[in-house]
Structure formats: structure tokens, C-alpha cells
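Input: a single structure, listed below in C-alpha cells.
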Amino acid sequence: MKKNGIGGTNTKTGIFFEKKVELATRLSKLSGYECIEEKYKKIKSKSYKIYFEKEFVAQTFQKHALYAFLKGRGIDWKKILSKKLLPDDTIYVIKDNTIYILEMKFQEVGGSVDEKLQTCDFKKKQYKKLFSQLNYEVEYIYILSNYYKIPKYKDVLDYIIAVNCSYFFEYLPLQKIGLAVPYEK
């Protein structure tokens, strides 16, 4: 575990997350980014098309909106998975042809979330099965509160890296998810 966490600290190269706030809300505050909500019938979860300097670069999905997106592409998740997975946030980055599953874990005391951190390998494999028909790459990333910097999480943080998942503390570098860093004016 690196001192002060993994990832940068410069607001110009990434996004800070203090609490569970959707990715599109954070992106829309950055210069050059525009997020337009995509409506799915009978789905309350949100999805946004992401534009950078007027170019369509990505699309985000929260929870059930991900399955509406898949259904629109002819994918029936029930034929692939035995249980629906509901990610906090997901972003499909077009140029990388990659789905990034983002799970936010903000904690101030120990609890059941501790064990959830150990499920990333299984969930990443499930998402890979889910997106295999679309030939999308899959990455699984935790955005963690600073609480997880305490020594008792060293082993689980090492495990997350060992199984090819990632984590950042309250910050997500844009380049990690294949998005452009805005130009400073």
C-alpha cells in the first residue's frame, strides 16, 4: 500500500469523490465535458452520454440502466449470469472499447463492506462473461474513502491489485479510464 494511496492529487487530471456521486455529475463539472442524460423506458437508474469537446467519447450507466443498454444490444443477462450485478457506476469508453465498473466504498468504521472488497475478482469475471458477446474489455475499479488507508486493509488492498483490479482513494484519474484530461485555460 503506497503512502497516501494510489492515484494523483491534482484536480485537473482526475475526479474527486467525497461520497457516492455519479460519475457524470463529476465529469460535467470539468472543462470541455458535457453529459446528456439517456432515458430508458421503465428504468429509474441513470445513464449519460459523455461528450468531450463535442465528440461522443463514452456512456455511463448506473445499476439497472446497464441492463437496459445490454438489452438494446440483444444481450439477455439471464442467459449469461445467475444473478444480476448492480454496479454503483459503469462507464463504456468508446476509443478503448472498455467497460469500467466503478464501485464506491465510503466508510468511517469497519463493517460488512470490508468483505465486499474481496469480491472484485469474482465480479470482474462475471462482468467479462456479460460483455463477452460485445467483445468489450472489462476493468474493475474501487473508489475508496481514506478510511481504507489504515494498516488492517493492507492485505485486502494487495489482493485487489493481485487479481488485476484497481483502487484509488477518493480520486479517479481520467487517464485510468481512458478519458481526456481537460485543457487548463
Whichever residue in region 50-66 is of a type in the set (D, E, K, R) and assigned to a loop (DSSP other than H, G, I, E, B) and, among such residues, is surrounded by the fewest Cβ atoms within 10 Å (Cβ to Cβ): Lys54
Among Tyr140, Tyr159, Tyr147, which is the only one that is touching a Lys or Arg at 6+ places or on another chain (Cβ under 7 Å) and either surrounded by 13 or more Cβ atoms within 10 Å (Cβ to Cβ) or part of a helix (DSSP H, G or I) (or both)? Tyr140
Where Asn97 falls short, out of the listed (1) surrounded by fewer than 17 Cβ atoms within 10 Å (Cβ to Cβ); (2) farther than 24 Å from Asp121 by Cβ: (2)
Mind telling me which of the residues Tyr153, Tyr92, Tyr127 ends up being at negative phi, out of contact with any strand residue (DSSP E or B) (no Cβ under 7 Å at 6 or more places or on another chain), surrounded by 16 or more Cβ atoms within 10 Å (Cβ to Cβ) and touching a residue at least 24 places away in the same chain (Cβ under 8 Å)? Tyr153
From (1) touching a Pro at 6+ places or on another chain (Cβ under 7 Å); (2) at pLDDT 90 or above; (3) surrounded by 17 or more Cβ atoms within 10 Å (Cβ to Cβ), pick out the condition that doesn't hold for Gly32. (3)
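The values are calculated or read from the model by the stated rules, or taken from the named source; none is laboratory data. Note that the structure is predicted; figures quoted are calculated from it, not measured. A quick note on method: Cβ atoms are made from the backbone with ideal geometry, for glycine too, and the neighbour counts reach across all protein chains shown.
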